[in-house]
Structure formats: structure tokens, C-alpha cells
1. Go through the range 78-113 and report how many residues are more than 11 Å from ligand 2 (Cβ to nearest atom) and closer than 18 Å to residue 213 by Cβ.
2. In the range 82-95, which residues are out of contact with any helix residue (DSSP H, G or I) (no Cβ under 7 Å at 6 or more places or on another chain) and within 16 Å of ligand 1 (Cβ to nearest atom)?
3. What are the residues in the range 10-28 that are at pLDDT 85 or above and in a loop (DSSP other than H, G, I, E, B), if any?
4. Could you tell me whether residue 62 is farther than 14 Å from residue 179 by Cα, within 16 Å of ligand 2 (Cβ to nearest atom) and either more than 19 Å from the chain's Cα centre (by Cα) or part of a strand (DSSP E or B) (or both)?
5. Of the residues 114, 176, which is over 14 Å from residue 72 (Cβ atoms) and either in contact (Cβ under 8 Å) with a residue 40 or more places away in the chain or touching a helix residue (DSSP H, G or I) at 6+ places or on another chain (Cβ under 9 Å) (or both)?
6. It is to be established whether one or more residues within the range 68-77 are buried (at least 20 other Cβ atoms within 10 Å of the Cβ) and away from ligand 2 (no atom under 16 Å from the Cβ).
7. If we scan the range 34-54, do we find a residue that is buried (at least 20 other Cβ atoms within 10 Å of the Cβ), within 15 Å of ligand 2 (Cβ to nearest atom) and not in a loop (DSSP other than H, G, I, E, B)?
8. Quick check, is residue 83 in a loop (DSSP other than H, G, I, E, B) and in contact with a strand residue (DSSP E or B) (Cβ under 9 Å, 6 or more places away or on another chain)?
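The values are calculated or read from the model by the stated rules, or taken from the named source; none is laboratory data. Bear in mind the structure is a predicted one, so any value in this text is a computation, not a measurement. Don't worry about glycine lacking a Cβ; one is built from the backbone with ideal geometry, like all the others, and counts go over all protein chains shown.
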Ligand SMILES: NS(=O)(=O)c1c(F)c(F)c(SCCc2ccc(C(=O)O)cc2)c(F)c1NC1CCCCCCC1
Ligand SMILES: [Zn+2]
């Protein structure tokens, strides 16, 4: 298991004293300035395989005190749109509160209500932990979450279970469902840059894909995400996002013009 993370989102400026990579030059998240992105025609559509998990296969949903994590079978693959094949490890969320947005990345200075990260590791490694320490070892698909009129049926196969894991350390089993349905329709339109984990140890080993198209949750679903899980016993887990980090000369590419 992981050494217990004694960090939190309140003393973010302390992170780099305990975790030196957090002070590195290629950190995440960033603000994407769309007008400054460079179109790269070699960036093809993200191609997924095995994302439809049958209901008889259960998935573990956990409150780890920093976010809610859905463990994913390593049979879910990214087989296109990246230089190598990547295997799924987990997905988790970043959110704000009912009054404030909580995405990690921002676009032209706009923060979205929430952000989902689907974390994958390069198939040449045997585990996400091993891959996490190698450049390009991780590929995270990031999806911005907005509030809309309709209830999102695929998120409805996940969000109600948050009520089983309100306390840090709690976990629950949920029936498999089509993980593809959590992603936007257009997997061919995205921003791409090299960055890091947005949490300690902040390894600078993440190939980021930020989809241009967002997903929509109803107000009730947003409230489930924002107002259900707690950390260290009593206080509600909200605003679990890191501030945007300097690009330090990094290029942001786009798969579309
Ligand atoms: N945005 S992100 O991808 O950087 C990210 C966060 F912002 C995160 F906040 C998290 S959760 C906090 C880190 C953590 C804590 C406990 C455990 C455990 O008990 O197993 C594991 C991790 C979190 F889990 C992740 N992703 C993890 C990063 C830590 C481990 C490396 C590979 C999995 C991706
Ligand atoms: Zn994340």
C-alpha cells in the first residue's frame, strides 16, 4: 500500500518540501490558452478497447480521503491516439462545492464545475506504480464536467454509490457498466501536453489528454458529487483541486483546428 499521505489541499505550498517533484518544471494542472495551442495533425482519435465492463463483474469504489477512486480492470485499453498501448488503472474526480467550480485544468481562465481523470499506465510496465516513475509511463484522459438539464444515465450507474463511502477509507463494490459512457462523444478533439500527477508525489510522467467536449450532469448529480463524501472524519471533501502550474515553455498541442 501507499505510505499514508499526510498532505492536504490546504497547505499545497508545503508539498514540494516533502515531495521534491512537486516543485519541478513540468507540473500539472495548467491553464490551456486555446489560441496558443499548436495544431498537430498527427494527433489521431483516442481509440478504446474493453471499456464495456459486464454487470456481473464488480468494480471497487473507494473514498481515499482525497477523492473517490473507481479501480478499473487492466483489460481496458487505449489502443490509439498515443504512441503506445496503455492499460486502465483507475478513475477519480476533482470537484468544488455548490457555490464554486472545482476542475483542475482551466481553459482560457475558465474553471469547470468538475473534472474526471481516467488514469492509464503504459503496457510495457507491469503496474501503475512502476509506470508512474517513468516519463510517459502514465496517460490520463481528462473530462470536464458541467451542469446541464438532463440526468446523465451512465454517471447514474456510479454516483448513487457515493452514499456507501461517505467516510474516508470506506469502499464498496458496484456492478460493471460501460465506462465509455462517462466520456464525451468526440474522442478525436483534444488538447495534449506533458505534465505531472496533480497530487504528491507529483511525478512528471503524465501524458495528458484534455477532451474539448465536456460531459453534463444534472444539478442533483452535481450535488451528489459535491456534498456526499467526507475526509478525516468530520469535514466534507470539497475543492480537491491544485492551482494551475506554470508551463515553463511547454507546448500545448491540439488534435483539431
Ligand atoms: N490527478 S492525479 O491522477 O494525480 C491523482 C490525484 F490528484 C489524487 F488526489 C489521487 S488520490 C491521492 C493520492 C493517493 C492517496 C492514496 C492512495 C492509496 O491509498 O492507494 C493512492 C493515491 C490520485 F490517486 C491521483 N491519481 C493517482 C496518483 C497516485 C498514484 C500514482 C498512480 C495512480 C494515479
Ligand atoms: Zn486527478
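1. The qualifying residues number 11.
2. Restricting attention to the range 82-95, the residues satisfying the condition of being out of contact with any helix residue (DSSP H, G or I) (no Cβ under 7 Å at 6 or more places or on another chain) are 82-88, 90-92, 94.
The answer is 86, 87, 88, 90, 91, 92, 94.
3. The answer is 19, 24, 25, 26, 27, 28.
4. So residue 62 fits the description; yes.
5. 114
6. Yes, the range 68-77 contains a residue that is buried (at least 20 other Cβ atoms within 10 Å of the Cβ) and away from ligand 2 (no atom under 16 Å from the Cβ).
7. No - not one qualifying residue is present in the range 34-54.
8. yes
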